[in-house]
Amino acid sequence: EAPASEATDEPIEITADRLISDSTARTAEFVGNVRAVQGQTVIDADRLKIHYRESGGGQEGVDTESVESIEATGRVRITIDNRVAVSDKAVYTTIDKKLVLTGPESRITSGKDTISGSRITFFRETGQLEIVGDDGNQVKATIHSEESGLN
Amino acid sequence: MADRRNLFKWILTVTAILAVAILIAVFFQFRRQQDQYVVPLPDTATRALMRLAQLQQTATKDGRVQWELDAAAAELETGSQRMILTAPEVVFHTEEGDTVHLTAERGVLNTRTNDMEASGNVRVRDDRYTLETEKLIYRHEERLLESDVPVYIHGGAIRLRADTMVYDLNTNQAHFDGHVEGFLYETLAIP
């Protein structure tokens, strides 16, 4: 199993039915049966939109623009090693390496452990996990003592 | 005396008739030779009205340049509005003042509609991406670049392929359809 750091050097492999690229808005949106894979991370969604910023070099001598954020919407399912995150929407921002899942059904499952809320945030730099509920959708957690936990 | 004059007149008349007859015979002989030996026109001449060594053409609308075309050679086909282009290079100007560069081995320009077809090693480049395909059509009225054969895109953080493409020069948007597959060079690792 490739360790996470090595995995991050690999490019994200993307497949979809369609791609809409907008040079003016600096976006590229994949539509229909979208799957993005990088190492042990797999994102499945109906739509995946990539927002670019102007400056900054990418990897492999890619020219002067790079990805600012990636937004997945519609039946979002993110598989990371043995954990599965499910939500209506997920936004990953490269500047702070943060992934935010939103939607009433946002949930993370790891083995038999589950936690859900209306907003789940992964902080990749610190490895922290923040779950927020709201009136109709409080944070709920089911933790089995012998399991390794969610992060 | 009168006899001699009559004789002279008769001789003159016969001579004149003979001269005319000879002239007519020579004329018809020459015409028959002409028909037998038809000067072969060069093949291109029979097909092309005009052949240009180096073509440069610009299309403008409301005073704005829409595209500039250079071609190593061009042949205007007889009786049609098709100009066959060798090694065309086209610079399209978008509404926002960006440019999109197209190069190909061959091309056809419709001189009435300004539509174009490009084929053979077709490359389309803007400031972010380079697209490669084998066949591409430019619809002048709608300002669309279309390809119904596989296209390959690279540049920016993306390397992709798709079955077909439509690029709208008015909105600067490109739609790629069918088996979109490729790579995005960015880190996505999540804790």
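Quick one: buried accessible area between B and A, total over both chains, 1.4 angstrom probe, nearest 100 Å²?
Rounded to the nearest hundred, the buried surface is 3600 Å².
Out of the stretch B:65-170, which trypsin sites (Lys or Arg not before Pro) are coil in DSSP terms and have no more than 16 other C-beta atoms within 10 Å?
Counting only loop positions with at most 16 other Cβ atoms within 10 Å, the trypsin sites (Lys or Arg not before Pro) in the stretch B:65-170 are B:Arg112.
Please work out whether the stretch B:51-134 counts as rounded, prolate or oblate from its C-alpha gyration tensor, where a ≥ b ≥ c are the square roots of the eigenvalues and a/c under 1.5 means rounded, while otherwise a/b larger than b/c means prolate and anything else oblate?
Judged from the Cα gyration tensor, the stretch B:51-134 comes out oblate (a/c at least 1.5, b/c at or above a/b).
Taking a ≥ b ≥ c as the square roots of the Cα gyration tensor eigenvalues, with a/c under 1.5 meaning rounded and otherwise prolate when a/b beats b/c, else oblate, which class fits the stretch B:101-191?
The shape class here is prolate.
So which GluC sites (Glu not before Pro) in the stretch B:97-162 pass both tests, a DSSP loop state and at most 15 other Cβ atoms within 10 Å of the Cβ?
Loop-located and lightly packed - B:Glu105, B:Glu141, B:Glu142.
Between the stretch B:49-127 and the stretch A:73-106, how far is it from one alpha carbon centroid to the other, in angstrom?
Comparing the Cα centres of the stretch B:49-127 and the stretch A:73-106, I get a distance of 47 Å.
Going by the alpha-carbon gyration tensor, a ≥ b ≥ c the square roots of its eigenvalues, is the stretch A:70-151 rounded (a/c under 1.5) or, if a/c is not under 1.5, prolate (a/b greater than b/c) versus oblate?
Oblate shape, in that a/c is at least 1.5 and b/c is the bigger or equal ratio.
What accessible area, in Å² to the nearest ten, does a 1.4 Å probe give for B:Ile22?
100
List the trypsin sites (Lys or Arg not before Pro) in the stretch A:92-127 that DSSP assigns to loop (not H, G, I, E or B) and whose Cβ has at most 12 other Cβ atoms within 10 Å. Which are they?
When the trypsin sites (Lys or Arg not before Pro) of the stretch A:92-127 are filtered for loop state and at most 12 Cβ neighbours within 10 Å, A:Lys112 remain.
Averaged per residue, what accessible area in Å² does the stretch B:81-191 show with a 1.4 Å probe, protein chains only?
Here the residues of the stretch B:81-191 average 42 Å² of exposed surface.
Mind ranking B:Trp67, B:Trp10 by accessible surface for me, highest first, 1.4 Å probe?
Sorted descending by solvent-accessible area, the residues read B:Trp10, B:Trp67.
Can you pull the accessible area of B:Glu68 for me, 1.4 Å probe, Å² to the nearest 10?
70
B:His175: net charge of surrounding residues, Cβ under 9 Å, Lys/Arg +1, Asp/Glu -1, itself excluded?
With Lys, Arg at +1 and Asp, Glu at -1, the net is -1.
The values are calculated or read from the model by the stated rules, or taken from the named source; none is laboratory data. Only a predicted model underlies this, so the values are computations on that prediction, with no experimental measurement involved. FYI the Cβ positions are ideal-geometry reconstructions off the backbone, even for glycines, and counts take in every protein chain you see. Each accessible area value is taken on the protein alone, full model and side chains, heavy atoms only, with ligands, DNA and RNA left out. Shrake-Rupley method; radii C 1.70, N 1.55, O 1.52, S 1.80 Å.
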